[in-house]
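See below for the structure under consideration.
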Amino acid sequence: MSSSCVEDIGLTDNQWYRIAQEMLASADVVINGTRPWDIQVKNPDFFKRVIQEGSLGLGESYMDGWWECEQLDTFFHHVLKHHVQEQLPHHLRDTLRVAVSRLTNLQSKRRAWIVGKEHYDLGNDLFSRMLDTHMQYSCGYWKDAQSLEQAQQHKLHMICEKLQLTPGMHLLDIGCGWGGLAEYAARHYGVHVTGVTISAEQQKLAQQRVAGLDVTILLQDYRDLNAQFDRIVSVGMFEHVGPKNYETYFNVVDRNLKSDGLFLLHTIGTNKTDEKIDAWINKYIFPNGCLPSVKHIANASEPHFVMEDWHNFGADYDTTLMAWHTRFHTVWPEIASHYSDRFRRMFSYYLHACAGAFRAREIQLWQVVFSRGKEGGLRVPHE
């Protein structure tokens with residue numbers, strides 16, 4: 001049984017080409033055109049492959065060298081802004097993937113470790129060169145910033161100010177990454193920090209980073225946390241939690257947060273409430289990930305907290321991703337012997353595709369501050 005009606009027709013190569021040409025024309029993209037965002041096709045099977053397989057076919061064919069584009073980020077901006085992806089037939093595997101995500105818990109305790117091993121354990125040699133000195137693998141704050149370094153420092157400062165950290169507090173960092181926020185908070189605000197990660201490589205580097213500071217880095221699942229903290233923060237981790245675990249996640253935060261505590265959630269978010277998973281991103285970048293919506297977060301947090309502030313600076317992720325790609329391209333000769341050229345194309349595609357998605361406002365970046373209802377209110381700084 002075929003995966004879409006388009007596959008049943010038995011089209012010629014020229015007919016596949018014309019379908020693709022018409023779809024891309026609606027986004028002002030020309031096949032073998034002369035502008036930086038036009039695509040250059042090297043394999044005539046590209047058109048059939050993409051129309052039949054959608055996102056997975058587009059990404060894998062790029063990894064295979066079937067097509068090129070001088071400015072991939074601009075290409076994705078055009079395609080996503082004009083919703084070209086919605087014209088593609090739904091591939092059977094994509095449909096099954098959504099069905100499986102609804103029926104099973106893809107982010108269970110056992111499965112939660114997969115993304116750590118397959119993405120965050122890729123290699124500290126890559127991330128330490130691509131990221132800033134704080135190794136922030138999340139959106140920087142570019143208001144008044146002129147560089148990636150400044151943008152990430154401004155982000156860290158803003159998080160600590162929003163949490164109203166004071167010396168002696170105990171801060172829990174759920175999904176602490178390479179320990180950049182933990183180090184910053186301990187060093188500049190005098191707090192004790194407990195960080196948790198599911199990546200062995202992240203834990204190793206984080207422990208080196210925070211040596212001599214009042215910081216503990218644990219390799220464990222967030223669901224095993226059971227202590228009391230003055231403040232809780234979670235940056236770039238909620239995207240891996242999954243809809244079936246949102247209630248559990250907020251239960252964990254609730255039981256670990258003191259009665260007068262604050263919780264800051266920093267997460268990428270989607271405009272629509274569904275459980276669609278991009279097939280290529282799921283296979284090659286973030287296995288089992290799922291972006292939350294406003295409704296997802298509101299429903300899961302409502303039984304526990306008052307939402308004090310909701311800050312969207314998703315446009316800054318476009319700038320962050322392009323800065324990462326510039327650094328990735330620059331340092332590639334230093335690390336190329338550890339990776340394949342197919343990996344280089346995959347990682348470059350990932351950074352550009354995400355930048356284009358943020359530029360098209362298809363996805364967002366939110367910082368949400370929760371309390372249990374601060375008497376007199378809470379003034380949350382956005383600086």
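The values are calculated or read from the model by the stated rules, or taken from the named source; none is laboratory data. Being a predicted model, the structure only gives us computed values, none of them experimental. We place every Cβ from the backbone using ideal geometry, glycine too, and count neighbours over all the protein chains shown.
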Looking at region 283-305, I want the residues that are over 14 Å from H240 (Cα atoms) and have a partner that is of a type in the set (V, I, T) and not in a helix (DSSP H, G or I) with Cβ atoms under 6 Å, at least 6 apart or on another chain. Which pairs are those?
K295/T273
Take the residues in region 178-215 that are modelled with pLDDT under 95 and among the β-branched types (V, I, T), then tell me which one is surrounded by the most Cβ atoms within 10 Å (Cβ to Cβ).
T197
In region 335-346, what residues are without any contact (Cβ under 8 Å) to a residue 60 or more places away in the chain and either hydrophobic (A, V, I, L, M, F, W, C) or assigned to a helix (DSSP H, G or I) (or both)?
A336, S337, D341, F343, R344
State whether one or more residues within region 309-321 are assigned to a helix (DSSP H, G or I) and in contact with an Asp or Glu (Cβ under 6 Å, 6 or more places away or on another chain).
no
I need the full set of residues from region 252-270 which are in contact with a strand residue (DSSP E or B) (Cβ under 7 Å, 6 or more places away or on another chain) and polar (S, T, N, Q), in order please.
N256, T267, T270
Considering only residues that are polar (S, T, N, Q) and either touching a Phe, Trp or Tyr at 6+ places or on another chain (Cβ under 8 Å) or not assigned by TED's automatic domain parsing to the domain that holds H78 (or both), look in region 22-61 and name the one that is nearest to H82 (Cα to Cα).
S55
Yes/no for G175 being in contact with a Lys or Arg (Cβ under 6 Å, 6 or more places away or on another chain), buried (at least 22 other Cβ atoms within 10 Å of the Cβ), at pLDDT 95 or above and not hydroxyl-bearing (S, T, Y):
no
Would you say R231 is buried (at least 21 other Cβ atoms within 10 Å of the Cβ), among the basic types (K, R), in the same structural domain as I335 (by TED's automatic domain parsing) and in contact (Cβ under 8 Å) with a residue 12 or more places away in the chain?
yes
When you scan region 355-365, do you find a residue that is within 25 Å of D125 (Cα to Cα) and modelled with pLDDT of 95 or more, even just one?
yes
Select from region 330-375 the residues that are of a type in the set (S, T, Y), surrounded by fewer than 16 Cβ atoms within 10 Å (Cβ to Cβ) and farther than 30 Å from K81 by Cα and list them in ascending order.
S337, S340
Of the conditions (1) in contact with a Phe, Trp or Tyr (Cβ under 8 Å, 6 or more places away or on another chain); (2) not in a loop (DSSP other than H, G, I, E, B); (3) not hydrophobic (A, V, I, L, M, F, W, C), the single one that E183 does not satisfy is (1)
Give the residues of region 362-383 that are assigned to a loop (DSSP other than H, G, I, E, B) and within 24 Å of Q150 (Cβ to Cβ), sorted by residue number.
V380, P381, H382, E383
Only one residue in I268, I281 is under 25 Å from W37 (Cβ atoms), outside any helix (DSSP H, G or I) and not assigned by TED's automatic domain parsing to the domain that holds G65. Which one?
I268
Return the total of residues in region 52-94 being of a type in the set (A, V, I, L, M), within 22 Å of A360 (Cα to Cα) and at pLDDT below 90.
2
